[in-house]
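J.: The structure under discussion is supplied below as structure tokens; questions concerning it will follow.
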Amino acid sequence: GGIGSSGSSSNAGNLKVEIKATYPTAEGSSWTAITRSNRYYIKGLDITVDGTCARGIGQVKVNEGGEFYPEVAECKENGTFRWTKTYLSTTEEGDKSLTFVPFSGAGSALTEASASLAVRIDNTPPAAPTVTSPASSPYSYNGVTDSYSMIGTVPTDMETLFGPGGVAISISAGLRYTATIVDGAATDFSFYGFDLAGNQSATTTQTITW
């Protein structure tokens, strides 16, 4: 599941458009993009925005403060609209501020009832997490118990970290993982993570022998 929209909405009398969900694809999705500081982080160049529109609104058009995009959303009888844009950006990453302007059925712009949406396009994966203890891989363990407390660091733009078996690991204190090792064998422990936009890092594998 996703999270609700942090895009703004406005009223003009009884006329209103409101953004409800933002998806990082041109087809919509089963999950919404993640927000941080009221900005949606999107992997890729496509975007789908779902919203509501009051009776009397015929269309919703979108711009970045200049000319409208050619894509237009129709306000349906049930009071909803879906705006889809392929290649919101051609190649570049960065921040965009989108304004959703409703138009009356007669074709008049109702700018005072516009809604805004802040988006960041991010296609760059974060760096891989780093294991600092043990300091080498493979590492030969000579302890008496079958566990080893691994320590490491995660990059600042990593939002979620996963360890062996795809189990989520808290990153509040960096990489912290208690490894269960096997006597007489070499055991691999793999770690990877994702940033806010869903870009996946490379995998770091630590081998411990006992």
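Each reported figure results from applying straightforward, stated rules to the coordinates on display, with no laboratory input. Bear in mind the structure is a predicted one, so any value in this text is a computation, not a measurement. Cβ atoms come from the backbone with ideal geometry, glycine included; neighbour counts cover every protein chain shown.
J.: Answer with a single label: of (1) 23.4, 80; (2) 19.9, 67; (3) 22.0, 72, which was calculated as Rg and Dmax of the Cα atoms in Å from the structure in view?
T.: The value computed from this structure is option (1).
J.: Express in whole angstrom the spacing between the alpha-carbon centres of the stretch 140-210 and the stretch 40-76.
T.: Between the Cα centres of the stretch 140-210 and the stretch 40-76 lies a distance of 42 Å.
J.: Now, a different point. Along the Cα→Cβ direction, 7 angstrom out, place labels at THR130 and THR153. What is the inter-label distance in nm?
T.: 0.4 nm
J.: With an 8 Å cut-off on Cα pairs and a minimum separation of 6 or more residues, tell me the relative contact order of the stretch 92-157 in percent.
T.: Normalised by residue count, the contact order of the stretch 92-157 is 30 percent.
J.: In nm, what is the difference between 0.36 nm times the number of residues separating SER104 and ASN123 and their Cα-Cα distance?
T.: Gain on extension, SER104 to ASN123, equals 3.2 nm.
J.: While we're here: So, in nm, how far is label GLU92 from label THR209 when the simple model puts each one 7 Å beyond its Cα toward the Cβ?
T.: 5.3 nm
J.: Quote to one decimal, in nm, the extra length available between TYR69 and THR145 on full extension: 0.36 nm per residue of separation minus the C-alpha distance between them.
T.: 21.0 nm
J.: Which is the longest run of the chain containing none of the trypsin sites (Lys or Arg not before Pro) found in DSSP loop states (not H, G, I, E, B) with at most 16 other C-beta atoms within 10 Å?
T.: 77-210
J.: Only Cα pairs under 8 Å and at least 6 apart count here; give the relative contact order of the chain as a rounded whole percent.
T.: Relative contact order here is 19 percent.
J.: Need one word for the stretch 67-153: rounded, prolate or oblate. Basis is the Cα gyration tensor (sqrt eigenvalues a ≥ b ≥ c); a/c below 1.5 gives rounded, then a/b vs b/c decides.
T.: Cα axes put the stretch 67-153 in the prolate bin.
J.: Within the chain, which is the longest segment containing none of the GluC sites (Glu not before Pro) that sit in a DSSP loop and have at most 11 other Cβ atoms within 10 Å? If you can, show how the numbers build up before the last one.
T.: Working: sites that count: GLU27, GLU67, GLU77, GLU92.
The longest such stretch corresponds to 93-210.
J.: Given labels modelled 7 Å from the Cα in the Cβ direction, how far is it in nm from SER116 to ASP183?
T.: Output for this residue pair reads 6.6 nm.
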